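A quick write-up on the structure given underneath.
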Amino acid sequence: DITIADNDNRILIVSAGAYNASPTISGITFGSQNFVQINTQLITGIPGRCDLWYLINPTVSTNTVTVTWSGDAGRRGFGALSFYNVSQSDPIGVTNTELSTVQVGTVEGNLTPTTANSMIIDGMLWLTGQDPSLTLTAGFAVNITDPGGADRAVGMQYDLSPTIDSENVMEYTSSENARYAWCGAEIKNG
């Protein structure tokens, strides 16, 4: 469950990942409200996926976020973040995705926000042969970092004051080699 406070211009964002590239996420809800997909990235080779979704103006309440998959998905997980003062008519700015079939120690994605006073957010799925211990980008707010078992980790982080019109690098580091899928998005102020 997540609690949505009574603030103006609300948004709820979910990052979801699974060890399998298929099945897909067929829908996400907060109570009876439906989310919209921002972007997705698939890992090739050993399959996996990461998705970002959003819901404008979630109801002020404590309710359950439900992620529905189109079939069985191994080792899946998700996290949710709530923000306010977000554009209700055009909330999503620049987006980007990254992936790697083999990466040593660092997962990273780049995002160049273009709208003044916007924020940036990301989601990541990291597949490795051992428990990764993740360290997130210095200066970013950390919401979720879940080791999730012997061979995966999911992460989600955000920056409320990124550098506008400049590349912002968002990264996770670990001592383990990994395959990863990363999604990032600019969330516009409103």
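Annotations
- Leu125 under 15 Å from Asn39 (Cβ atoms), open to solvent by 60 Å² or more (accessible area, probe 1.4 Å) and modelled with pLDDT of 75 or more: no
- Qualifying residue in region 109-119 (condition: under 14 Å from Glu186 (Cβ atoms), among the polar types (S, T, N, Q), at pLDDT below 95 and open to solvent by 20 Å² or more (accessible area, probe 1.4 Å)): yes
- Filtered by the rule that a residue be among the polar types (S, T, N, Q) and more than 23 Å from Asp90 (Cα to Cα), region 1-25 gives Thr3, Asn20, Ser22, Thr24.
- If only residues of region 128-146 that are modelled with pLDDT under 70 and outside any strand (DSSP E or B) are counted, the one that is surrounded by the most Cβ atoms within 10 Å (Cβ to Cβ) is Pro132.
- A Cβ distance below 6 Å, combined with a sequence gap of six or more or placement on separate chains, defines the contacts here; from region 26-43, residues that are within 23 Å of Val107 (Cβ to Cβ) and touching a residue at least 24 places away in the same chain (Cβ under 8 Å) reach residues that are surrounded by fewer than 22 Cβ atoms within 10 Å (Cβ to Cβ) and of a type in the set (Gly, Ala, Ser) in the pairs Leu42/Ala21.
- Qualifying residue in region 81-100 (condition: among the small types (Gly, Ala, Ser), farther than 29 Å from Asn177 by Cβ, open to solvent by 40 Å² or more (accessible area, probe 1.4 Å) and in contact with a strand residue (DSSP E or B) (Cβ under 8 Å, 6 or more places away or on another chain)): yes
The values are calculated or read from the model by the stated rules, or taken from the named source; none is laboratory data. What you see is a predicted model; the values in this text were computed from it and never measured. Note that each Cβ is placed from the backbone with ideal geometry, even for glycine, and that neighbours are counted across all protein chains shown. Just so you know, the surface numbers come from the protein's heavy atoms only, side chains and all, with ligands and any DNA or RNA stripped out. Shrake-Rupley method; radii C 1.70, N 1.55, O 1.52, S 1.80 Å.
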